[in-house]
């Protein structure tokens, strides 16, 4: 009789545990899916920050590009062709040649100024602005302002300043 009671007790316990394994699997899947969502968010943020770093590097290259163009055109630099130059890539900029900069100076200076505006547009996007300021004694400050709203901080207008002596 004791054996019969033991068998019935085991059957009752099994009946109460039916579906417990399935709940454990469901909880494990839930924990894993939350982990995967966290990894996806981390990858998205890393990609955004990587893009921001790339745009900053391109801005540095663009500022060095106009400085090198000015070094080639020292006559234009001495004549003041680059002093106070301000370029802004139009918001509807679509392709190189869409920049209409109020250029001044020699043909080479005008070409360099338009090329710089086109470079800013194609590499950094519409709305990017560049400015060259002469500080006297051959010292120049190149300022580039660009949209970086996808970065972690979410600040749209970022400014890079490069100083050069020609």
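Listed here are the residues, each with its yes/no results for (1) closer than 20 Å to residue 158 by Cα; (2) exposed (fewer than 12 other Cβ atoms within 10 Å of the Cβ); (3) under 20 Å from the mean Cα position of the chain (by Cα).
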residue: 32; (1), (2), (3): no, yes, no
residue: 49; (1), (2), (3): yes, no, yes
residue: 91; (1), (2), (3): yes, yes, yes
residue: 111; (1), (2), (3): no, no, no
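Restricting attention to the range 50-68, which residues are farther than 11 Å from residue 123 by Cβ and modelled with pLDDT under 90? Answer for the range 50-68, where residues must be farther than 11 Å from residue 123 by Cβ and modelled with pLDDT under 90: 50, 51, 52, 53, 56. Here residue 94 meets the list (1) in a loop (DSSP other than H, G, I, E, B); (2) in contact (Cβ under 8 Å) with a residue 12 or more places away in the chain; (3) out of contact with any strand residue (DSSP E or B) (no Cβ under 8 Å at 6 or more places or on another chain) almost entirely, failing just condition (2).
Against the conditions (1) assigned to a loop (DSSP other than H, G, I, E, B); (2) touching a strand residue (DSSP E or B) at 6+ places or on another chain (Cβ under 9 Å); (3) surrounded by 17 or more Cβ atoms within 10 Å (Cβ to Cβ), residue 83 satisfies every one except (3). Answer yes or no as to whether residue 76 is farther than 17 Å from residue 59 by Cβ, in a loop (DSSP other than H, G, I, E, B) and at pLDDT 85 or above. The answer is no for residue 76.
The values are calculated or read from the model by the stated rules, or taken from the named source; none is laboratory data. None of the values given here were measured: they were computed from a predicted structure. Cβ: placed from backbone, ideal geometry, glycine included. Neighbour counts: every protein chain shown.
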